[in-house]
Amino acid sequence: MVEFRIDRHSGVATYVQIVQQTKQALRLGLLQPGDRLPTAREVVEATAINPNTVLKAYRELEREGLVEARRGLGTFVRRSLGAAPADSPLRAELEEWAAKAVDAGLDRDDVAALFTAVLDKHFQGEGS
Amino acid sequence: MSDTALEATGLGKRFGRRGGWALRDAAFRLPAGRVCALVGPNGAGKSTLLALAAGLLPPTEGRLTVLGGTPAGARARVGFVAQDKPLYPQLTVAETLRMGADLNPERWDAATAEQVVAGGDLDPRSRIRSLSGGQRTRVALALALGKRPELLLLDEPMADLDPLARHELMGTLMAEAAQYGTTIVMSSHVVAELEDSCDHLLLAGSGRIRLAGEIDDLLAAHLRVSGAAESTDLSAHTVVESRVTGRQLTALIRPAGPLPGDLRTSVPSLEELVLAHLRNPGAPALSAAPAVTQGSAA
């Protein structure tokens with residue numbers, strides 16, 4: 001089960017934050033096919049946001065084919081996103097690489113710039 | 001069940017024959033199931049409107065329907081928490097809740113009422129008169145929620161509460177709305193406090209309803225624009241507010257057609273929208289609610 005964190009001052013619409021955090025959880029494997037998303041009631045009780053905002057986010061996720069609403073049961077994950085769950089070997093390699101970057105004296109911005117440059121080279125034409 | 005929680009036409013209230021109008025020419029429609037922010041400065045008519053909706057005051061002119069009927073007829077299905085949180089000071093917390101159960105025999109939801117009280121670490125045996133303002137608010141909200149109303153009217157509900165209790169109780173209200181489709185109207189003069197929780201807005205100013213509608217629709221109907229003061233002509237549009245600083249003009253407008261190409265535009269925030277209307281009482285009112293009363297919204 002995921003827990004949504006709403007940042008009021010991020011400038012990102014609240015429903016978009018829910019969509020993004022759900023996708024992030026799908027990418028990291030924290031949410032997997034068959035898992036139930038929290039109900040609108042559970043989300044708004046914890047975050048005090050408007051229930052329609054949650055429903056709007058879930059409709060958006062449904063439209064993208066990531067989740068499905070089952071009447072009276074809740075909203076369930078249909079498929080996963082990406083191929084990089086939290087425990088994949090690729091992640092371990094990236095961890096190793098990041099540790100090397102730290103050892104080499106790179107700071108966070110250096111690493112981010114390097115990583116973005118490589119991403120741009122290998123994923124030309126795909127939106128970020 | 002009516003699909004309209006509140007509908008006002010030409011609604012006005014004057015206190016005393018010679019008194020000023022606390023509210024005048026109010027016309028709006030609030031669909032059922034919305035969480036509505038009733039916003040405006042002190043003396044704008046917010047409390048008067050809520051008391052009219054609760055059936056505690058008769059209108060001087062015009063009409064107000066509540067859940068499809070008269071305010072008095074709807075009272076059993078309406079929960080109202082007035083600004084001063086009226087409770088019986090000599091009763092204990094537990095006795096107050098028992099009173100709620102006795103007064104609402106068909107609908108009382110003891111679990112919800114007790115949960116709201118329990119969140120505040122309140123001793124059920126303490127007398128209401130010994131409670132702090134925030135604790136009394138909690139008991140008053142417990143009483144109103146325990147009634148399981150279809151329409152919940154809250155006058156400045158969060159004013160006495162600390163930030164933690166505010167967040168918790170707002171969460172409880174939202175959960176109620178999510179589960180039962182309860183329509184909630186809550187007043188405040190702080191817009192930011194309600195922005196995330198509400199999807200509908202009623203803006204009151206000087207006894208008039210200045211803006212009414214879905215917040216998304218109201219925001220979409222306005223634009224913040226800026227451009228060169230000399231060459232910018234906005235006369236084709238409704239200008240809510242405009243200001244010239246040096247050579248630059250900035251304005252909040254309701255566009256009525258295409259804009260000159262050399263303007264920079266952005267969507268206003270809810271707070272900007274509200275403040276611009278309050279600073280400019282002459283700006284025309286806008287009711288963005290769909291005019292249709294019947295039929296369901298998809």
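The values are calculated or read from the model by the stated rules, or taken from the named source; none is laboratory data. Just so it is clear, the structure is predicted and the values come from calculations on it, not from any experiment. Cβ sites come from the backbone with ideal geometry, for glycine too, and all protein chains shown count toward neighbours. Side chains are part of the model used for accessible areas, which takes the heavy atoms of the whole protein and leaves out ligands, DNA and RNA. Shrake-Rupley method; radii C 1.70, N 1.55, O 1.52, S 1.80 Å.
General observations
- Between amide H atoms placed 1.01 Å from N, distances below 5 Å from A:D35 occur with A:V77, all of them 5 or more places distant or on a separate chain.
- Alpha-carbon centroids, the range A:22-52 and the range B:124-179: separation in whole Å: 26
- Within the shell of other residues whose beta carbon sits under 14 angstrom from the beta carbon of B:L273, the net charge comes to -3, with Lys and Arg scored +1 and Asp and Glu -1.
- Simple rule: put +1 on each Lys or Arg Cβ and -1 on each Asp or Glu Cβ in the range B:4-214, find the dipole, and look at B:A177, B:V39, B:G69; the Cα lying farthest toward the positive end is B:G69.
- Within 10 Å of the Cβ of each residue in B:175-184, the mean number of Cβ atoms contributed by other protein chains is 4.
- The dipole here belongs to the range B:217-287: it is taken about the Cα centre, uses +1 on the Cβ of Lys and Arg and -1 on the Cβ of Asp and Glu, and is about 100 debye.
- Neighbourhood net charge (10 Å Cβ-Cβ; Lys/Arg +1, Asp/Glu -1) for B:A178: -2
- The residues packed around A:F115, meaning those with a beta-carbon under 12 Å from its beta-carbon, carry a net charge of -1 if Lys and Arg are +1 and Asp and Glu are -1.
- Leading residue at positive end of dipole, the protein assembly as shown (Cβ point charges), from B:L57, A:P89, B:F28: B:L57
- Amide H to amide H distances under 5 Å link B:D109 with B:K147, B:R148, where only residues 5 or more positions off or on other chains count and H is placed in the peptide plane.
- Between helix B:133-146 and chain B there is an angle of about 80 degrees, using the helix long axis and the longest principal axis of the Cα atoms.
- Farthest towards the positive end of the charge dipole of chain B, among the residues B:A229, B:I215, B:G134, is the Cα of B:G134, using unit charges on the Cβ of Lys, Arg, Asp and Glu.
- Carbon + sulfur, % of accessible area of chain B - ligands and nucleic acids excluded, 1.4 Å: 51
- Residues whose amide H lies under 5 Å from that of B:G205, counting only those 5 or more places away or on a different chain, are B:R210; hydrogens are built 1.01 Å from N in the peptide plane.
- Shielding by partners - mean other protein chain Cβ count within 10 Å, residues of B:168-174: 5
- Solvent-accessible area lost on pairing A with B (1.4 Å probe, both sides summed) amounts to about 1200 Å².
- Summing Cβ point charges (Lys, Arg +1; Asp, Glu -1) relative to the Cα centre of the protein assembly as shown gives a dipole of roughly 1760 debye.
- Summed over qualifying helices (DSSP H, 4 residues or more, each -39500 (n - 2.57)) and divided by its residue number, chain A shows a 222 nm mean residue ellipticity of -16000 deg cm²/dmol.
- Residues in the range A:59-68 carry Karplus couplings, in order, of 5, 4, 5, 5, 4, 7, x, 8, 9, 9 Hz; the curve used is 6.51 cos²θ - 1.76 cosθ + 1.60 with θ = phi - 60°, and Gly or Pro positions show x.
- Estimated dipole of chain B in Debye, rounded to 20 [Cβ of Lys and Arg +1, of Asp and Glu -1, Cα centre]: 1080
- Here is how the number arises for chain B: DSSP H runs of 4 or more residues each give -39500 (n - 2.57), the sum is divided by the residue count, and the result at 222 nm is -8000 deg cm²/dmol.
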